[in-house]
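Engineer: Here it is: the structure, laid out below.
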Ligand code: PEP
Ligand code: MG
């Protein structure tokens, strides 16, 4: 039998359910009726509703077709069986042969052994699973996509019934008694460093949609149209306002604008209204669909785009329900909790009130993480099910360093963390006082302290941190937050603004370091099996000379009449450096031929990130104007140890005899050749490591702005002569690490606290 695919869609069914709701009766009576309606309408022998109880269990609440005695008896843990699977992953499942599925869990009391096919969808509300509604058939029935959609629409109404009418105490959505959950410590992934204490704010307000079923479809279509128009105006306003802000912000907003005009997305919302939903219910349904799709997509770029679409849906809901954009409820120590978040949404918040961000999803390279790093906001991602465990107003501690979030911590924990945060603030104030003082060692050596940057907005920190310049400008970062490759004019504009903002301070531009884990959505680069040692950076640029030449052209134009410092990433041999440099020479010639001005001074350097290049260092020094040691990559290649793998994070130490010897030899050779050398990897940003670097002979360091104060403080207390001698002794030891010895050395001499 091929059952009807719901030609009238769920409209008729929705109508019946609405009438039922209007007729009154207890929650249980209504559920009993609803399963009958659904089974009849969908031509299924079974329809069952399972609801979440006590946070972790699903209980059979109503059924048509399974044994009636099983109601309120059959229970499944979250994730157990097919129903548990649907609930845990918040995604629909349709199986012609359910019993052969590896997750099938047989419950004899239900009598379900005679049913072969199963289709179930989660009952969702505000990103939380309240339960599951499922139909079953005796035959091996192939459920269609439209049938799944119909059931999802019905699930929305059920969500309403469960949360609104009070089906049973402790069930589903009502009474989020998170206080009763007590303190909790949850683990995630560090997306931006820092520590914070504050109060939870749910990014996506739990909107209550009062009416799900439309009275008048045309009126709902009109409401949608109006809300879309007001949203456009609001986005345009934001774009116009962003005339005062940075280019990157505008790029992000323009991407939003593009989505807002996406007909596929709006089409789906319109379609959902035509099935009989109100405009807001239709938006919410498309939102839930997007989320379900998101959980099945592995491609991080696509996931990010779907997340952007979800943000837009939230905005549209706000417009439909006439809410403003929530600013008024913000406490002044807000820790934002969200499933995912788009960069524009983060920028929407008042930075002064933000303390930290916690996401259920997110990756270190996501746009929102890049923005959080630029704003110096601690951010943790991939904290599983955190939205179920937190409620607005809960006290929270975010320790991004340890990738942990503590919900409702005890008074003692709060006090201890509060003291640590306060100590940081006091230290930051003390460091700010160092801003005007030079970074000179006790024996009179001036160390150049620079900052790393990648976004225009980070340049605010240049003045504030007292950095000597920008030692590493990662040009790939602005490329990563765009939706298409910026042309020469756009790049020129960006680089010019950077130089303008930097004023007299030098900026070292590094050409695109893409490939590997830095994927550009619009660049069709093959995925590598070993990304870090794969087709990336200069390797890719030399194979695509147009891309590199355009970037160099933009840099030359931006720096016309000024100084330009440029360097190439991941150079493994002199030949690569020469080839890249030749392209730069071609571009200079091209500009001259066209009568355009070129930079008054040009310095061309290279990153030293691949150990092989070390063996050509004397020859390289004769050719390059400066060297910049990328210790993140250099050390990962030296130890053959993935820099991004948390299991290896503490395996090898930069403060080990091998690493120190290698770094020391680089400093020595550069000094012998009279070549400026800087370290711009993470080691430069940690005071103890930075102490070792200056002891080894490095006179230039570049680091994130927040590290500048502590490193400068260390520099002003260190004496290089004895330290250099001590390091030479340490290099001869067979130890795994000399970290402890160096720490004691630093503490005994008052170099570090
Ligand atoms: C490095 O490898 O140390 C470096 C500074 O480059 P990135 O971190 O951008 O790879
Ligand atoms: Mg690198």
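The numbers here are math on the coordinates, done by the rules we state, and not lab data. The structure presented is a predicted model; accordingly, all values stated were derived computationally and were not measured. Because the Cβ atoms are built from the backbone with ideal geometry, glycine has one as well, and the counts that use them run over all protein chains shown.
Engineer: How many nm separate the modelled label positions at residue 464 and residue 104, each set 7 Å beyond the Cα in the direction of the Cβ?
Structural biologist: About 6.0 nm, to one decimal.
Engineer: Just subtract the alpha-carbon distance of residue 622 and residue 384 from 0.36 nm times their residue separation and send over the number in nm, one decimal.
Structural biologist: Numbers: separation 238, 0.36 × 238 = 85.68 nm, distance 5.32 nm.
Full extension of this stretch gives 80.4 nm more.
Engineer: Calculated FRET efficiency, residue 428 and residue 484, Cβ-Cβ r, R0 41 Å, to nearest 0.05?
Structural biologist: On the way: r = 39 Å, r/R0 = 0.94.
Approximately 0.60, to the nearest 0.05.
Engineer: Right, here's the next one. For residue 522 and residue 749, what is the calculated FRET efficiency with R₀ set at 41 Å and r taken between the beta-carbons, to the nearest 0.05? Spell out each step's value before the answer.
Structural biologist: Numbers: r = 53 Å, r/R0 = 1.28.
My answer for the efficiency is 0.20.
Engineer: What order do you get for 504, 737 when you list them from fewest to most C-beta neighbours inside 10 Å? Don't skip to the answer; put the middle values down first.
Structural biologist: On the way: 504 7, 737 16.
Lowest to highest Cβ neighbour count: 504, 737.
Engineer: Something else about it: Using 7 Å Cα-to-Cβ label points, what is the residue 436/residue 740 separation (nm, one decimal)?
Structural biologist: Between residue 436 and residue 740, the simple spin-label model gives 4.4 nm.
Engineer: Pairwise over distinct Cα atoms, reciprocal of the mean inverse distance: report the Kirkwood radius of the range 412-521 in Å, one decimal place. Before the final figure, lay out each step's value.
Structural biologist: Details: mean 1/r = 0.0603 Å⁻¹.
16.6 Å is the Kirkwood radius here.
Engineer: Still on this structure: Using Cα atoms only, what is the angle between the long axis of helix 247-260 and the major principal axis of the chain, expressed in degrees (0 to 90) to the nearest 10?
Structural biologist: In the chain, helix 247-260 runs at an angle near 20 degrees to the longest axis.
Engineer: On to the next question. Given the C-alpha atoms of the range 8-164, compute the convex hull and give its volume per residue in Å³. Can you show the working numbers first?
Structural biologist: Numbers: hull volume 15.7 nm³, N = 157.
Looking at the range 8-164, the number lands at 100 Å³ per residue.
Engineer: Report for the chain the percent antiparallel among DSSP-assigned beta bridges with both residues inside it, nearest 5.
Structural biologist: Numbers: 48 of 87 bridges.
The antiparallel fraction comes to roughly 55 percent.
Engineer: Here's another thing I want to ask about it. Relative to the compact globular guide of 2.2 N^0.38 Å, what is the alpha carbon radius of gyration of the range 333-431, as a ratio? Present the calculation step by step, with values, prior to reporting the outcome.
Structural biologist: On the way: Rg = 13.5 Å, N = 99, 2.2 N^0.38 = 12.6 Å.
For the range 333-431, the normalised Cα radius of gyration is 1.07.
Engineer: Next question. Multiplying the sequence separation of residue 40 and residue 411 by 0.36 nm and subtracting their Cα-Cα distance, what value in nm do you get?
Structural biologist: Details: separation 371, 0.36 × 371 = 133.56 nm, distance 5.55 nm.
Full extension of this stretch gives 128.0 nm more.
Engineer: Per DSSP H run of n ≥ 4, the term is -39500 (n - 2.57); total these for the chain, divide by its residue number, and report the mean residue ellipticity at 222 nm rounded to 500 deg cm²/dmol. It would help to have the intermediate numbers written out before the result.
Structural biologist: Details: 28 runs with 338 residues, N = 753.
Result for the chain: -14000 deg cm²/dmol, rounded to the nearest 500.
Engineer: At R0 = 51 Å, how high is the FRET efficiency between residue 590 and residue 665 if r is their beta carbon distance? Nearest 0.05 is fine.
Structural biologist: On the way: r = 39 Å, r/R0 = 0.76.
Efficiency for this residue pair is about 0.85.
Engineer: Give me the compactness ratio for the range 446-748, meaning the Cα radius of gyration over 2.2 N^0.38 Å.
Structural biologist: On the way: Rg = 19.1 Å, N = 303, 2.2 N^0.38 = 19.3 Å.
Rounded to two decimals, the normalised Rg is 0.99.
Engineer: Once you keep just the Cα pairs under 8 angstrom separated by 6 or more residues, what percentage relative contact order results for the chain? The partial results should precede the final answer.
Structural biologist: Numbers: 1372 pairs, mean separation 72.3, N = 753.
Averaging sequence separation for qualifying contacts and normalising by length gives 10 percent for the chain.
Engineer: Same structure, new question: Give me the angle, in degrees from 0 to 90, between the Cα long axis of helix 300-321 and the longest principal axis of the Cα atoms of the chain, rounded to the nearest 10.
Structural biologist: 60
Engineer: Still on this structure, please answer the following. Measure off 7 Å from each Cα along the Cα-to-Cβ vector at residue 504 and residue 73, then give the distance between these two points in nanometres to one decimal.
Structural biologist: Modelled inter-label distance: 8.6 nm.
Engineer: Quick one: work out Rg over Rh on the C-alpha atoms of the range 549-684, Rh as Kirkwood radius. Can you show the working numbers first?
Structural biologist: Working: Rg = 16.9 Å, Rh = 16.2 Å.
The Rg/Rh ratio comes out at 1.05.
Engineer: For the chain, what are Rg and Dmax over the alpha carbons, in angstrom?
Structural biologist: When restricted to the Cα atoms of the chain, Rg and Dmax are 29.9, 90 Å.
Engineer: Want the number for residue 216 to residue 321: 0.36 nm per residue separation, take away the alpha-carbon distance, what's left? Write out the running numbers ahead of the final one.
Structural biologist: Values: separation 105, 0.36 × 105 = 37.80 nm, distance 1.72 nm.
Contour length minus the Cα-Cα distance gives 36.1 nm.
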